[in-house]
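Below: one structure, written as structure tokens.
The values are calculated or read from the model by the stated rules, or taken from the named source; none is laboratory data. Fair warning: this is a prediction, and the values are worked out from it, not measured in the lab. Ideal geometry is used to build each Cβ from the backbone, glycine not excepted, and the neighbour counts take in all protein chains shown. Surface accessibility is based on the protein's heavy atoms, side chains included, excluding ligands, DNA and RNA. Shrake-Rupley method; radii C 1.70, N 1.55, O 1.52, S 1.80 Å.
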Amino acid sequence: MNIIQLGHKALLTTLISLLLSNGAVAAVAQSPLFLNTAVPPIVMVTMGRDHKLYYEAYNDASDLNNDGELDIRYTPSKIDYFGYFDSFKCYNYASGKFTPVSETTNKQCPGTGNEIWSGDFLNYITTSRIDALRKVLYGGYRSTDSTSSTILTRSFIPQDAHSWGKEYNSLAIDGYDISNYTPYSVPANGTRHLFANVSLSYSGQPLMRVLNDTTHRIWEWVSIERPVTDSMCNTSIGNKVNCARPAGIISERIPSSSYVNLTRTTYDLSGESAGHPANHSEFNTFVTTYAIDANKDGSGPIAVIEGYDNPYGGQDDFLTVVEGWITIPETGIYEFSVDGDDAVEVIIEKSVSSTSDTSAIDLSDVGVVGYYNNHGFCSCDSHRGSINLAAGTHKIQYRHEEAGGGEG
């Protein structure tokens, strides 16, 4: 007699084989054999608390519509972005919240107000993964929910790797006109708009922050030590700079340490019918015509070390030219603004030069920023322009034409 030891699985297999060989029909029980009555099946959703739920929903590194290509920018023509906002409504921002004000068939909301945003664009910029999940499960987190008002609030966004941002460059690069989706116009030449999401305090609301018309990149704004996405940005060489223009503050003055070997020369225009330069070309002619003999006695121009007025004819009718070099710390796009009374202009030679170079500034190779014609001070930074400059010293010339009134 042979003794065969079978495990439970082998024994069950053997019994089924014997039954089948005798013409019996095998059946598998649908409920545990030890229960008298069957229990209805229950499907449960188990939620994890992974920190990645608090990342951005649209990270610009995923194929969102399964077309085989990464969706690295906002593409409203291909994707309806899901979130707390309706993709086909326009929203007004006021009193700390977005409120729908109109509908749109193409997700665009152009020219409808100073603070009108596309709901689809807001979803793309602001939605975190946990926000999308809350919207699916129970309509979103409701900070206010009454018979008269319902307000949805986004999740808290820590000031660490969970904060995120996106940038807009131009129609040519991004493929859409930002003015159709936000209150902002296309960025000034050489600049971009930055959009970021963060909670600036542990008790504070999640915020969408905007830094418009800046030469900085998004990672220079969001990958900085706290406070993240505030007024400071990193630079490519590791320095921190003030990259924001707070309300009421005009452009910062360039520090004197950035200049090398400046000279200031004032030319007397009293008795001349000089007029006011209306553009860069006329200013070139203006300087060539009148920057000859400040004393009008054959002695040539006289350098003025201090003071902005004309020492030869009172505080009217003069031309001042300041020349020298400006030190650019790193290669990049720099923005300059000018203000003054009357015509003022700054020109910077784009090529790097040695401070021992005594040749005249090359007028065919300059970046120009000007505020022309007859006017007073604007006390603003709206007369500005961007110039792409390499690291090193560049020749610079500042021109100021004054006919009458309050000069400076």
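Given a 1.4 Å probe, how much area per residue of segment 57-116 is accessible, in Å²?
61 Å²
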Self-check item: Accessible area (Å², 1.4 Å probe, nearest 10) - residue 72
Solution: 90 Å²
Quiz item: Around residue 178, with a cut-off of 15 angstrom between Cβ atoms, what is the net charge of the other residues, counting Lys and Arg +1 and Asp and Glu -1?
Solution: -2
Self-check item: Integer Hz, Karplus 6.51/-1.76/1.60 couplings in order for segment 116-132, x for Gly and Pro
Solution: 9, 10, 6, x, 5, 5, 4, 4, 4, 7, 9, 6, 9, 5, 5, 5, 5
Quiz item: Between residue 115 and residue 205, how many nm apart are label points set 7 Å from Cα along the C-beta direction?
Solution: 0.9 nm
Quiz item: Taking 0.36 nm per residue of separation and subtracting the Cα-Cα distance, what length does fully extending residue 147 through residue 282 add?
Solution: 41.9 nm
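With the alpha-carbon atoms as the only input, what is the per residue convex hull volume for segment 100-193 in Å³?
Details: hull volume 14.0 nm³, N = 94.
Dividing the Cα hull volume of segment 100-193 by its residues yields 149 Å³.
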Self-check item: residue 362 - accessible surface, heavy atoms, 1.4 Å probe, Å² rounded to 10
Solution: 70 Å²
Quiz item: At residue 235 and residue 78, where each label point lies 7 Å from the Cα along Cα→Cβ, what is the point-to-point distance in nanometres?
Solution: 3.7 nm
Exercise. Please sort 147-153, 137-143, 343-349 by packing, taking for each peptide the average over its residues of neighbouring beta carbons within 10 angstrom, highest first.
Key: 343-349, 137-143, 147-153
Quiz item: Just by accessible area at a 1.4 angstrom probe, what is the order of 194, 262 from largest to smallest?
Solution: 262, 194
Quiz prompt | Placed amide H near residue 366: partners under 5 Å, 5+ positions off or other chain | solution = 350
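Using the Cβ atoms and a cut-off under 11 Å, what net charge is assigned to the surroundings of residue 103, where Lys and Arg are +1 and Asp and Glu are -1?
+1
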Exercise. Give the cross-link partners of residue 78 among the lysines, using a straight C-alpha distance below 20 Å as the criterion and excluding same-chain residues fewer than 8 apart.
Key: 89, 107, 166
Self-check item: Computed over segment 74-132, Cα set: Rg, Dmax in Å
Solution: 10.9, 33
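Tell me, rounded to the nearest percent, the portion of alpha carbon pairs in segment 344-408 spaced more than 20 Å apart.
38 percent
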Quiz prompt | Loop chymotrypsin sites (Phe, Trp or Tyr not before Pro), segment 179-213, which have at most 16 other Cβ atoms in a 10 Å radius of their Cβ (DSSP) | solution = 184, 202
